[in-house]
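Data block below; observations after.
The values are calculated or read from the model by the stated rules, or taken from the named source; none is laboratory data. None of the values given here were measured: they were computed from a predicted structure. In this analysis, Cβ positions are derived from the backbone assuming ideal geometry, glycine residues included, and neighbour counts consider all displayed protein chains.
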Amino acid sequence: MQLSPHKRENVLPLPVVLISTVSKAGIRNAAPWGNITPILRPLDEIVLASWLRRDTLDNIRETGEFVVNVPPAAMVEEVMVCARNFPSEVDEFEEAGLIPRPSTAVAPPGIEGSIAWMECRLVEEITREKYALVIGKVVRLEVNDRYATAEGNMDLDAARPLCMVCDDNRIRFTYPVDAGRFALYSEMFIRKS
């Protein structure tokens, strides 16, 4: 079956995060995001794609700061409340019943109950005709002890990080399942004889 190229989200599972920001007026915003990725290991930057008209993008432009909150699947209802198109003067933490978690390195709060929190500062914005790419530097990363192994890795069974797959009319929420195979990074490199 051949699909239109713009339907890549129909076949590419995306992580779901909640990006928290605060406007210059002090209004808290929390927005779900699926278009986000780390930029190459071991760098400390991430990139997110945004439509040009988003309160989150406006807040990042105004303040230069944001928090990437990684929600567990159990927070799917709160994520969907934050997906609604509220006016910019509405506090989305209050609307969704989110509990703010004080940040250490940036002004916007994180969200209690998340798997992890990435406190970020804006590094660069690349603007195109219809969208912008926002590059942020992760200045502080913390994982919730409830969802971490002793080594600081995510415990997938406990965390169940929220993901999504789209189709023409809806979003299907899911979470990753351990495939049972571990690999060392060294397996990716060809050994010279």
Report task. Would you confirm whether any residue within segment 31-38 is part of a loop (DSSP other than H, G, I, E, B) and closer than 20 Å to Trp117 by Cβ? Result -> yes
Report summary line: Of the residues in segment 77-107 that are of a type in the set (Val, Ile, Thr) and more than 18 Å from the chain's Cα centre (by Cα), the one that is farthest from Pro161 (Cα to Cα) is Val90
Requested in this report: Mind telling me which of the residues Leu57, Leu52, Leu48, Leu3 ends up being under 24 Å from Thr127 (Cα atoms), among the hydrophobic types (A, V, I, L, M, F, W, C) and more than 17 Å from the chain's Cα centre (by Cα)?
Outcome: Leu52
Query - Which listed residue is charged (D, E, K, R), under 30 Å from His6 (Cα atoms) and either in contact with a Cys (Cβ under 8 Å, 6 or more places away or on another chain) or crowded, with 18+ Cβ neighbours inside 10 Å (or both), from Arg160, Arg170 - result: Arg160
Report task. Output yes when any residue across segment 148-165 is closer than 30 Å to Val11 by Cα and of a type in the set (Ser, Thr, Tyr), and no when none is. Result -> no
Query raised in the report: Any idea which of (1) part of a strand (DSSP E or B); (2) among the acidic types (Asp, Glu); (3) over 14 Å from Ser20 (Cβ atoms) is the one Glu119 doesn't satisfy?
Result: (3)
Query raised in the report: Just for segment 122-161: of the residues that are in contact with a Ser or Thr (Cβ under 8 Å, 6 or more places away or on another chain) and not in a strand (DSSP E or B), which one is farthest from Phe173 (Cα to Cα)?
Result: Asn144
**Report entry** Unmet requirement for Thr37, which otherwise passes all of (1) over 20 Å from Met164 (Cα atoms); (2) exposed (fewer than 13 other Cβ atoms within 10 Å of the Cβ)
**Finding:** (1)
Query raised in the report: Which residue out of Tyr131, Tyr147 is buried (at least 16 other Cβ atoms within 10 Å of the Cβ) and either touching a strand residue (DSSP E or B) at 6+ places or on another chain (Cβ under 7 Å) or hydroxyl-bearing (Ser, Thr, Tyr) (or both)?
Result: Tyr147
Query raised in the report: Of these, Glu92, Glu125, which one is closer than 16 Å to Gly64 by Cβ, touching a helix residue (DSSP H, G or I) at 6+ places or on another chain (Cβ under 8 Å), acidic (Asp, Glu) and at pLDDT 95 or above?
Result: Glu125
Query - Sole residue being in contact (Cβ under 8 Å) with a residue 24 or more places away in the chain and either of a type in the set (Gly, Ala, Ser) or assigned to a strand (DSSP E or B) (or both), chosen from Val90, Val68, Val76, Val106 - result: Val68
Requested in this report: Please work out if Val165 is surrounded by 15 or more Cβ atoms within 10 Å (Cβ to Cβ) and more than 19 Å from Ile19 (Cβ to Cβ).
Outcome: yes
**Report entry** Considering residues of segment 40-64 that are part of a strand (DSSP E or B) and of a type in the set (Gly, Ala, Ser) only, the residue farthest from Ala25 (Cα to Cα)
**Finding:** Ala49
Query raised in the report: With Ile27, Ile39 as the choices, which residue is farther than 19 Å from Arg101 by Cβ and aliphatic (A, V, I, L, M)?
Result: Ile39
